[in-house]
1. For CYS76, which sequence-distant residues (separation of 5 or more, or a different chain) have an amide H within less than 5 Å of its own amide H, given hydrogens modelled in the peptide plane?
2. With a point put 7 Å past each Cα toward its Cβ, work out how far PHE56 is from LYS18 in nm, to one decimal.
3. Candidates (1) 46, 37, 27; (2) 67, 31, 25; (3) 42, 31, 30; which is the computed Cα extents along the principal axes in Å?
4. Cα centroid distance between region 94-135 and region 37-84, in Å?
5. Go through LYS45/LYS104; LYS18/LYS63; LYS63/LYS99 and tell me which ones have a Cα-Cα distance over 26 Å in this structure.
6. If I build a Gaussian network model for the chain, linking alpha-carbon pairs within less than 10 angstrom, which residue out of ASN11, ASN55, ASN81 has the largest mean-square fluctuation?
7. Straight-line reach from LYS52: which aspartates and glutamates fall under 18 Å, measuring Cα to Cα and dropping same-chain residues less than 8 apart?
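Throughout, read-outs are computed from the coordinates displayed, never taken from laboratory work. On a predicted model such as this, the values are computed, not experimentally measured, just so you know. Here the Cβ is made from the backbone with ideal geometry for all residues, glycine too, and neighbour counts use every protein chain on show.
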Amino acid sequence: MSLQPSLTPLNGSICLEKGCFECCKETEMMLTGKDIERLEKLGFKREEFCIKDGNFLKLRNIKGLCFFLDLEKGLCTVYENRPEGCRLYPIVFDLLRRKCVLDKTCPYRDMVSEEELLENCETVQLLVARLIRGAP
């Protein structure tokens with residue numbers, strides 16, 4: 001008997017199964033230096049996929065969709081190399097409330113358990129701290 005991983009937004013399985021890419025619409029995903037380096041190693045130019053927003057670098061939207069979304073397939077073209085924030089989504093850090101929350105725009109956020117939220121919160125907090133400091 002083989003065990004299949006549970007369908008969850010955190011491992012991307014439910015998104016792939018349901019063809020969901022809500023998080024790729026009007027994305028405001030911030031990028032770390034390592035994210036940019038990883039994507040550039042794939043042959044992409046920074047100015048193609050990245051925009052400067054204040055002190056932050058973010059994924060570029062083209063016609064309201066993430067630069068890396070293949071709309072015909074409804075899939076991320078760099079899925080295995082996607083940014084750290086995308087890997088942790090739908091867990092985000094609410095700066096006003098100073099805590100990790102599930103993004104309300106994710107239609108499958110209810111599939112993320114409280115345990116998964118708590119287990120990944122420290123990683124999200126560390127990512128946010130690195131982004132704010134401008135560290136890679």
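1. Those qualifying (amide H under 5 Å, at least 5 residues apart or on another chain) are ASP70.
2. 2.5
3. Answer by label: (1).
4. 20
5. LYS45/LYS104; LYS63/LYS99
6. Most flexible of the set in this elastic network: ASN55.
7. Correct list for LYS52: GLU26, GLU28, ASP35, GLU37, GLU40, GLU84.
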